[in-house]
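The values are calculated or read from the model by the stated rules, or taken from the named source; none is laboratory data. Values in this document were obtained by computation on a predicted structure and should not be read as measured data. Because the Cβ atoms are built from the backbone with ideal geometry, glycine has one as well, and the counts that use them run over all protein chains shown. Please note that ligands, DNA and RNA were not included when accessible areas were found on the heavy atoms of the full protein model with its side chains. Shrake-Rupley method; radii C 1.70, N 1.55, O 1.52, S 1.80 Å.
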Amino acid sequence: MLSGRTEVQVRPGVEGDLDALTELYNHYVRETAVTFDTVAFLPEERRPWLLSHPEDGPHRLLVAQEPDSGARPGRLLGYATSSPFRPRPAYATSVEVSVYCAPDAAGRGIGTLLYQGLLEALEGEDLHRAYAGIAQPNEASVRLHERFGFRHVGTYEEVGRKFGRYWDVAWYERPLGPRT
């Protein structure tokens, strides 16, 4: 877990974070099968994605940032999002969630801080379920999601091809909002 948690700020993502968010995501595009994007993005290509996550509502973007040190702003350590699950209107009360941590911040509790903040922010929204797709294998992400009450609901086998091989995606689900 993260030592000195109070030193990490979790806040809504803003347009000034675009370069750092793009750089962090591009690491996963280039180096891992965590995302099935295969070509790195330019910041201006990611701007519509960032703007689709306002500070309120069901589709959020939270970032974790180190504290500022003197004249230098704190480094972005990770981010979490809730996004539309599917485009059709009946899916409006479902979101897909994800979390990405800077490679050197993994295992420090950043993902936990981000999901705590994201799930708390979503409590007052008209949402019923959160879903997470986790490319396999990824035990750290599975443990993080299970810690927050997500349960495995199925696996799409060999659903994506990246780096010359096929990858499975395990899907996890978590109830949101009042239980009916």
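What does the charge add up to near Ser94, with Lys and Arg as +1, Asp and Glu as -1, over the other residues with Cβ less than 13 Å from its Cβ?
Around Ser94, the charge tally is 0.
Pairs of alpha-carbon atoms within less than 8 angstrom and 6+ residues apart define the contacts here; what relative contact order does the stretch 41-93 have, in percent?
27 percent
Normalised by the number of residues in the stretch 37-180, what is the relative contact order in percent for Cα pairs under 8 Å and 6+ residues apart?
The normalised contact order for the stretch 37-180 reaches 18 percent.
Can you figure out the FRET efficiency of Arg30 with Ala71, using R₀ = 25 Å and their beta-carbon distance, to the nearest 0.05?
The formula returns an efficiency of 0.25 here.
Thinking of the stretch 32-107 as a set of Cα atoms, what percent of all their pairs are more than 22 Å apart?
Tail of P(r) above 22 Å: 36 percent of Cα pairs.
Which residues' amide hydrogens lie under 5 Å from the amide hydrogen of Gly13, considering only partners 5 or more residues apart or on another chain, with H built in the peptide plane?
Amide H neighbours of Gly13: Leu61, Leu62, Val63.
Under a 5 Å amide H to amide H cut-off, with H placed in plane at 1.01 Å, what residues pair with Gly78 once short-range neighbours are removed?
Here Ala64, Ala102 satisfy the definition.
Take the Cα radius of gyration of the stretch 68-145 and divide it by 2.2 N^0.38 Å, with N its residue count; two decimals is plenty.
Taking the Cα Rg and dividing by 2.2 N^0.38 Å, one obtains 1.28.
Could you sort Trp49, Trp167 by their accessible area in this structure, using a 1.4 Å probe and putting the largest first?
Trp49, Trp167
Could you size up the charge dipole of the chain around its Cα centre, putting +1 on the beta carbon of Lys and Arg and -1 on that of Asp and Glu, and report it in debye to the nearest 20?
For the chain, the charge dipole is close to 400 debye.
Calculate one ³J(HN,Hα) per residue across the stretch 112-117 by plugging θ = phi - 60° into the Karplus curve 6.51 cos²θ - 1.76 cosθ + 1.60, and present them in order as whole Hz with x for glycine and proline.
4, 4, 5, 5, 4, x
In the chain, what percentage of the DSSP-assigned beta bridges are antiparallel, given to the nearest 5?
Bridges in the chain are about 90 percent antiparallel.
Run the helix sum for the chain: -39,500 (n - 2.57) per DSSP H stretch of 4+ residues, divided by residue count, reported at 222 nm to the nearest 500 deg cm²/dmol.
Roughly -7500 deg cm²/dmol at 222 nm, from the helical runs in the chain.
Near Phe41, within a Cβ-to-Cβ distance under 12 Å, what is the net charge of the other residues, with Lys and Arg +1 and Asp and Glu -1?
Neighbour charge sum, excluding Phe41 itself: -2.
With an 8 Å cut-off on Cα pairs and a minimum separation of 6 or more residues, tell me the relative contact order of the stretch 80-156 in percent.
30 percent
Please give the direction-averaged projected area of the C-alpha convex hull for the chain, in square nanometres with one decimal.
So the Cα hull casts an average projection of 11.0 nm².
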